[in-house]
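As C-alpha cells, the structure follows; a few thoughts come after it.
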Amino acid sequence: MKKLESVEQFNEMRSKGKHIFMFSADWCPDCRIIEPVLPEIEAKYNDYTFIYVDRDQFIDLCIELDVFGIPSFIGYRDGQEFGRFVSKDRKTQEEIENFIQTLEQ
C-alpha cells in the first residue's frame, strides 16, 4: 500500500483514477488487526490504488473530510468521492470487501 506524503499528492491522486484512501494510525489497535489482510484485499481489487493516510500526520485533512474514526476508507473516482466506510468501529475483512463491492455497483 502506498503511503500518502502530502496534501498536494492527495489532491492529485483523487483527481484521476480509482483510489481508496485508508485513514489509520500506528497506535490504533483496530487498524493493526486488519493489516494482515490488506495485501489480500489489494490483490483482489487491483483496479483500485490503495493509499495509507496517517491520521496524525494529516489531521487537518481528516477534519476537512469528516474522518473522526479510524480505520476508515474513502473511495474516489476521477475527482469525485464515490463511497466511504467511516466509523470508529473495528472493521473486518468481510466488511471492507463489502464496502469495495458497493463501489463497483
When you go through Pro36, Pro71, Pro29 one by one, which is the residue that is at pLDDT 90 or above and in contact with a Ser or Thr (Cβ under 8 Å, 6 or more places away or on another chain)? Pro71
Could you say whether any residue in the range 63-70 is assigned to a strand (DSSP E or B), touching a residue at least 12 places away in the same chain (Cβ under 8 Å) and in contact with a helix residue (DSSP H, G or I) (Cβ under 9 Å, 6 or more places away or on another chain)? no
Restrict the check to the range 15-30 and report whether at least one residue is of a type outside the set (S, T, N, Q), part of a helix (DSSP H, G or I) and surrounded by 12 or more Cβ atoms within 10 Å (Cβ to Cβ). yes
How many residues does the range 86-105 contain that are surrounded by 12 or more Cβ atoms within 10 Å (Cβ to Cβ), outside any helix (DSSP H, G or I) and in contact with a strand residue (DSSP E or B) (Cβ under 9 Å, 6 or more places away or on another chain)? 3
Sort through Gln57, Gln101 and tell me the only one that's at pLDDT 95 or above and on the phi < 0 side of the Ramachandran plot. Gln57
Boolean, Thr49 is within 20 Å of Lys2 (Cα to Cα), in contact (Cβ under 8 Å) with a residue 12 or more places away in the chain and of a type in the set (S, T, N, Q): yes
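The values are calculated or read from the model by the stated rules, or taken from the named source; none is laboratory data. Just so it is clear, the model here is predicted, and its values are computed rather than measured. Cβ coordinates were reconstructed from backbone atoms using ideal geometry, including for glycine residues, and neighbour counts include every protein chain displayed.
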